[in-house]
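Take a look at the structure set out below.
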Amino acid sequence: MNRNKLRIGPIWLIAFAVLAPTLGSSASYAEAAPAAGQKIILGTSPDYPPYESVDAKNNGEIIGMDIDIARYIADRLGYKLEIAPMDFNGLIAALQTGRVDFVMSAMSVTDERKKSVAFSDSYYAARNTIVSKKTNGFYSVDQLSGKVVGAQLGSIQDLFADTIPGASHKKLNKIADLIQELNTGRIDAAIVEDAVAIDMVSANPGLTINFLPAEEDDNGYAVAFPLKSGLVDDFNRVLAEMQTNGELQKIIDKWFADMEPSNNGSSGSLNIDFRVLEGYVPYILKGIYVTLLFTLVSALLGLIWGTILSLFKISSIRPLQWFATAYTSVFRGTPLLVQLTLIYYATPQLTGFDIPALLAAGLAFGLNSAAYLSETIRGGIMAVDKGQREAAIALGVPYRKMMARIIFPQALRHILPALVNEFVALLKESSLVSVIGVTELMRRADVVRASTFRSFEALLLVAAIYYVLVLVLTSLARVLERRLRRSD
């Protein structure tokens, strides 16, 4: 690879972070509608039942009212529908960077969002609802003055909560997080949408709900598209057809057959009842493979690239030293989460390559790990007695053979504990990749939390799995370390 390109890489990553909003707002990835028979990609956040959720007890398929509507429209227009799950607050970015063709995720039409995306006609209108504890229920907005009110980040309820006079506003990523904060008393009330509120109370009888009057300027939920998308008119035509022939109401009735909360849920107290995980454990366990695969790919990339960077740093060639130093500075000086989202969203916009989420995660973590490992490996090389190198040179041993057979084996003995620590960190930090939709352990735990509206049980199970994986990794490292010592 050209060295100049390597030196420019981190610079354009930083530049993109500054320019991304401008680039995204002017992009028009889908000015012409795809031809019939082609694939169109739906972006959604499947943690908001009954609109979209993961059927974790069965085949892990994404289901819900929005999904049924999307499938019907895609079928009528002759498209093959593909669903791309991701966090709600990343949906608009996915539209702007061309990762998805449209978004359906109980997304309300607002003037602010209209500046970034195009909307279809509304297909459903919901009511804002106050959820609070039965022991201290709130039944009007006026009662929330001076209280701490929670809402899901990026939702229309998030915007509504900002307008409550005298209330403190706490923004959280997941509906399940709102329930946890309610049960622990960190927030006094949550503002959610009516159907979601009913499911919350059904699973947590210690909570109560109160429906708020519909807002006069509420435009309801609609399909979101990139600006100037050629799909808007086609979707509006099918939505109008669905309203006329009753298909839209049929789908709504399917998912909203009972709009009254039931009392078959578990207690809303802080007790732990692992029975709520019945049927979900196999779904969670499938995430182990993805987590281990991601960790292995990241570790190999980090080790190989970190070794190369360490050689650059001890090289007598100044440009290589400058590059390795600058690379380490950039990747150690910027948050890993920023690097991950930049690689995931910037790659398709700048190169046209629709990088898979798992590949983007492996690259981000591998490149970041390499920056740290390069210092560790360099320290291990420098810790090898200089006499070893001088003796090899005196015997005429070529540089590559000297490094591979003499220096590196000895350096490995010095840095093995540090390498194990880095790999353990990679394994645990893999939970971050859930933000771009990789279905590893943490993402699957979030899905279960969204389905059961309980957090402790799923999180404790995932924590136990991570702990066992770390124990296995450290045990293997001890075996390797003992063998290396015996070979001295």
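Read-outs: derived from the displayed coordinates by stated rules, not from any lab. As the structure is a prediction and not an experimental result, all values here were calculated from the model. When we count neighbours, we look across all protein chains shown, and the Cβ atoms used for this are built from the backbone with ideal geometry, even at glycine.
For the reader, a short list of remarks on this structure follows.
- Given charges at beta-carbon only (K, R positive; D, E negative), |dipole| of the chain in Debye: 3420 debye
- In this structure, the residue pairs whose Cα-Cα separation is over 30 Å, taken from 114/171; 80/254; 114/428; 80/114; 57/114, are 114/428; 57/114.
- The stretch 127-170: translational diffusion in µm²/s, Stokes-Einstein, Kirkwood Rh over Cα pairs, 20 °C, 1.002 mPa s: 200 µm²/s
- Less than 5 angstrom separates the built amide H of residue 169 from those of 149, all sequence-distant by 5 or more or on a different chain.
- Packing, taken as the mean count of other beta carbons within 10 Å per residue, orders the peptides 39-49, 457-467 from highest to lowest as 39-49, 457-467.
- Computed extension gain for residue 473 through residue 289, at 0.36 nm per residue and net of the alpha carbon distance, reaches 64.8 nm.
- Convex hull projection area averaged over all views, the stretch 351-488, Cα basis, nm²: 11.7 nm²
- With the simple model of a label 7 Å out from the Cα in the direction of the Cβ, residue 82 to residue 414 spans 4.8 nm.
- Cα-projected label distance for residue 162 with residue 233, points at 7 Å along beta-carbon direction, nm: 3.4 nm
- Listed candidates (1) 172; (2) 143; (3) 155 - label of the one calculated as volume of the Cα convex hull per residue in Å³: (1)
- Computed helical MRE - 222 nm, the chain, DSSP H runs ≥ 4 contributing -39500 (n - 2.57), nearest 500: -17500 deg cm²/dmol
- Ignoring lysines fewer than eight residues from residue 133 along the same chain, the ones with Cα atoms less than 16 angstrom from its Cα are 147.
- Using a cutoff of 8 angstrom between alpha carbon atoms and counting only pairs six or more residues apart, the relative contact order for the stretch 283-486 works out to 29 percent.
- Taking the centroid of alpha carbons for each part, the stretch 73-92 and the stretch 430-488 are 30 Å apart.
- Using a cutoff of 8 angstrom between alpha carbon atoms and counting only pairs six or more residues apart, the relative contact order for the chain works out to 18 percent.
- Distance in nm between pseudo-label sites at residue 75 and residue 399 (7 Å out along the Cβ direction from Cα): 6.6 nm
- Of all DSSP beta bridges confined to the chain, the antiparallel ones make up roughly 60%.
- A simple rule links phi to the HN-Hα coupling: the Karplus curve 6.51 cos²θ - 1.76 cosθ + 1.60 with θ = phi - 60°, which for the stretch 436-442 gives 10, x, 5, 8, 8, 4, 5 Hz, with x for Gly and Pro.
- Length, then width, then depth: along the principal axes, the Cα atoms of the stretch 379-429 run 45, 17, 12 Å.
- Taking the Cα centre of the stretch 116-178 as origin and assigning +1 to Lys and Arg Cβ atoms and -1 to Asp and Glu Cβ atoms, the resulting dipole is close to 320 debye.
- In this calculation the C-beta distance from residue 89 to residue 184 is compared with R0 = 25 Å, giving a FRET efficiency of 0.60.
- Taking the Kirkwood radius as Rh and the Cα radius of gyration as Rg, the stretch 128-211 has a ratio of Rg/Rh equal to 0.90.
- For the pair residue 254 and residue 322 in one chain, pulling the backbone fully straight at 0.36 nm per residue adds 18.2 nm over the alpha carbon distance.
- Projecting the Cα atoms of 392, 403, 131 onto the charge dipole of the chain (Cβ charges, centred on the Cα centre) puts 392 farthest toward the positive pole.
- Peptides 328-337, 288-297 ordered by average Cβ neighbours within 10 Å, highest first: 288-297, 328-337
- Within a straight-line Cα-Cα reach of under 16 Å, residue 401 can be paired with the following aspartates and glutamates, leaving aside sequence neighbours fewer than 8 residues apart in one chain: 390.
- Relative contact order of the stretch 128-211, taken over Cα pairs closer than 8 Å and 6 or more residues apart, is 45 percent.
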